[in-house]
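The values are calculated or read from the model by the stated rules, or taken from the named source; none is laboratory data. Worth saying up front: this structure is predicted, and the values here are computed from it rather than measured. For the accessible areas, the whole protein counts, side chains as well, though only heavy atoms, and no ligand, DNA or RNA atoms are used. Shrake-Rupley method; radii C 1.70, N 1.55, O 1.52, S 1.80 Å.
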Amino acid sequence: MQNNRTTVTIGIPVHNEAKNIKYLIKSIMRQKGISFKIQKIIVACDGCTDNTVEKVNSLHSKHIPITILEDDKRLGKMDRLNQIYALNTSEILITLDADLVLLGNNAIQNVLMAFADPNVVIAVFHQEPIPSDSFFGNVFRASDLFWIETRKYLNYGDHIQNLQGSATAMRKIVADHVHYPSWLNTDAEYLYVKAKKLGKFKYAYDAKAAYRAPDTFND
């Protein structure tokens, strides 16, 4: 059974996320499941000027190697995703924005269940904002929740707006075939269209991740 486990790589494009990066990586390390093996975590720093790298370096795992890509250049998320895709050798690549955390211990196990259908090539986590301590933060959160409820069940979850680009799992064939053009500023719709040419899309409702909605208009 051990030899039949699905291999997984986690890719995290990041710019100045020192406040959250440790929480995200620790939530990855807490994941359980006998059907998969996380081969490595790739943190692609995009011109970080805070102590994101130091935070990542302070984490140690006997079982999951962490690779940091750092060149002091500000290239943008699309170029960093291209780097991560090119380095992937696992059967499944999961990319996560650095301001997220995975909820519970089975989020990865649950998203991988989508690939039990051999025609599914891409699946997304269900994401929700956490409660805020500020009035405006909760207003923004309520707006996000309304949008999530509006779209998440549309066409049984298979809808372009359900690929947010921030918590995505894909088969290697997708990572091998997708390369983002330099002028693109988001991977979401582009990735959905490209992946749908290769197979099916799945919304993994039980694979949960959380993020913090903006607390102020400046955020």
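Ignoring everything but the protein chains, give the 1.4 Å probe accessible area of Y205 in square angstrom, nearest 10. Accessible area, nearest 10 Å²: 70 Å².
Multiplying the residue separation of W147 and N185 by 0.36 nm and removing their Cα-Cα distance gives an extension gain of 11.6 nm. The heavy atoms of K202 present about 100 square angstrom of accessible area, all protein chains included, probe 1.4 Å. Among R30, R80, the order of accessible area from largest down is R30, R80, computed with a 1.4 Å probe on protein heavy atoms.
Can you bin the range 34-144 into rounded, prolate or oblate? Criterion: square roots of the alpha carbon gyration tensor eigenvalues sorted a ≥ b ≥ c, rounded for a/c under 1.5, prolate for a/b above b/c, oblate for the rest. Oblate shape, in that a/c is at least 1.5 and b/c is the bigger or equal ratio. Across the protein chains, with a 1.4 Å probe defining accessible surface, the residues I34, I64 rank I34, I64 from largest area downward. Straight Cα distances below 15 angstrom link K197 to the aspartates and glutamates D158, D176, E189, with same-chain residues fewer than 8 positions distant left out.
Of the cross-linked pairs K62/K196; K37/K208; K19/K40; K62/K172, which ones have a Cα-Cα span greater than 27 Å in the structure shown? Could you put the intermediate results ahead of the total?
Values: K62/K196 37 Å; K37/K208 19 Å; K19/K40 22 Å; K62/K172 25 Å.
From the list (K62/K196; K37/K208; K19/K40; K62/K172), the Cα-Cα distance tops 27 Å for K62/K196.
Comparing mean-square fluctuations of N155, N57, N16 from a GNM of the chain with C-alpha springs under 10 Å, the top value falls on N155.
Amide H contacts under 5 Å for Q127: A209, restricted to partners 5 or more places along the chain or on a different chain, H placed in the peptide plane at 1.01 Å from N.
Ordering H15, H177, H60, H126 by accessible surface, largest first, gives H60, H177, H15, H126; the 1.4 Å probe counts only protein heavy atoms, with every chain in place.
How would the range 64-219 be classified by its alpha-carbon gyration tensor: rounded, prolate or oblate, with rounded meaning a/c under 1.5 and the a/b versus b/c comparison settling the rest? Oblate. In plain terms, the chain from K196 to A116 could stretch by 27.1 nm, reckoned as 0.36 nm per residue minus the Cα-Cα distance. The relative contact order of the range 129-208 comes to 27 percent, based on Cα pairs under 8 Å that sit 6 or more residues apart.
In this structure R171 has an accessible area near 60 Å², from a 1.4 Å probe over the protein heavy atoms. The calculated 222 nm mean residue ellipticity attributable to helices in the chain amounts to -8500 deg cm²/dmol, summing -39500 (n - 2.57) over DSSP H runs of n ≥ 4 and dividing by all residues.
Pull up the DSSP beta bridges for the chain and report the antiparallel fraction as a percent, rounded to 5.
Numbers: 11 of 37 bridges.
Within the chain, antiparallel bridges account for around 30 percent of the total.
Under 5 Å between amide hydrogens, built in the peptide plane, is the criterion, and for T67 it picks out I41, I42, V43 among residues at least 5 positions away or on other chains.
Between T95, T150, T186, the GNM of the chain built on Cα springs shorter than 10 angstrom shows T150 fluctuating the most.
In percent, rounded to a whole number, the relative contact order of the range 63-181 is 43, using alpha-carbon pairs under 8 Å and six or more apart. What residue among V178, V14, V111 shows peak mean-square fluctuation when the chain is described by a Gaussian network model with Cα springs under 10 Å? Most flexible of the set in this elastic network: V178. Using C-alpha pairs below 8 Å separated by at least 6 residues, the relative contact order for the chain is 27 percent.
Taking a temperature of 10 °C and a viscosity of 1.306 mPa s, what whole-number D in µm²/s does Stokes-Einstein yield for the range 112-195 with Rh from Kirkwood over alpha carbon pairs? Rounded to a whole number, D works out at 109 µm²/s.
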